[in-house]
Structures are given as C-alpha cells and as structure tokens.
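Below is one structure; the comments refer to it alone.
Readers should treat all values here as calculations from the given coordinates under stated rules, not as data from a laboratory. Just so it is clear, the model here is predicted, and its values are computed rather than measured. Backbone-built Cβ (ideal geometry, glycine too); neighbour counts: all protein chains shown.
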Amino acid sequence: MAEQKNSRMLPGDPDKHYILPYRFHFGIWFGLIILTAMTVAVSVTGINLVAFSVITALIIASAKAFVVVNYFMHLKYDNLFLRILVGIVMLLFAVFIALTAIDYLTR
C-alpha cells in the first residue's frame, strides 16, 4: 500500500524549508521594537499631529502586521494564492477603516 506523502493537503511545498539565520530574526524583531516605540511616541507625547495621530498609528500598525505576516508567518515563501488572499483581507480592512472614518467625519 502506497503512502501519500502529503496527506493533509497543506499549501505550498512541504519539502521546501526556509531556514533563516537568527541574525535576520533579531533584525526583524528590532525593527518591530522601533515601530512600537514610534507608536508609543505618537500616542504618549502627542507630537501635535492632532487628527493625524490615529492615521499615523494605523500606518505603523499596518507596517508591523506586514512584517509579521511576511517573515514570522513565512507568507513571503508561500504560494501565490495565499498571498492574494491576505492582500484581499488587507484591502477589505482598509475599506472598512475608510468607511468608518467617512462616517465619523460626516457626523
């Protein structure tokens, strides 16, 4: 009886392993720490951005999400279909944020 090598139908190629050096992961981690410090600086110190502080925080959060999804969740090395799905989700998130902002600003 022949065994199926890929019995769970996982996306991507299970034979390919992407092993990255620790230095790379520490660099990504340090970048995330810097982005977190920027978020704290915008929210705590109130850098006179007034209405743009929320937008700035969302842009920084989106950058952090992009880094986490691409490198820690290995989406960068996965197949194109999953990348397209994540892109659609990010686009829908941006549409919902924009619609919420328009609703808030027109009241």
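Based on the Cβ-Cβ distance from Lys76 to Leu35, what FRET efficiency comes out when R0 is 22 Å, to the nearest 0.05?
Once rounded, the FRET efficiency stands at 0.75.
In whole Å, what three semi-axes, largest first, describe the equivalent ellipsoid of region 22-105 built from its Cα gyration tensor (square root of 5 times each eigenvalue)?
That gives 26, 21, 5 Å for the three semi-axes.
Assuming R0 = 22 Å, what is the FRET efficiency of Phe52 and Ile84, from their Cβ-Cβ distance, to the nearest 0.05?
0.10
Cβ under 14 Å from Met73's Cβ, Met73 left aside: what net charge do those residues give with Lys, Arg +1 and Asp, Glu -1? Let's see the in-between values first.
Numbers: positive: Lys64, Lys76, Arg83; negative: Asp78.
Around Met73, the charge tally is +2.
Going highest first, how would you order 92-102, 29-39 by mean Cβ packing within 10 Å?
Ranked from most to least packed, the peptides come out as 29-39, 92-102.
FRET efficiency for Ala63 and Arg107, Cβ-Cβ distance as r, R0 = 30 Å, nearest 0.05?
0.55
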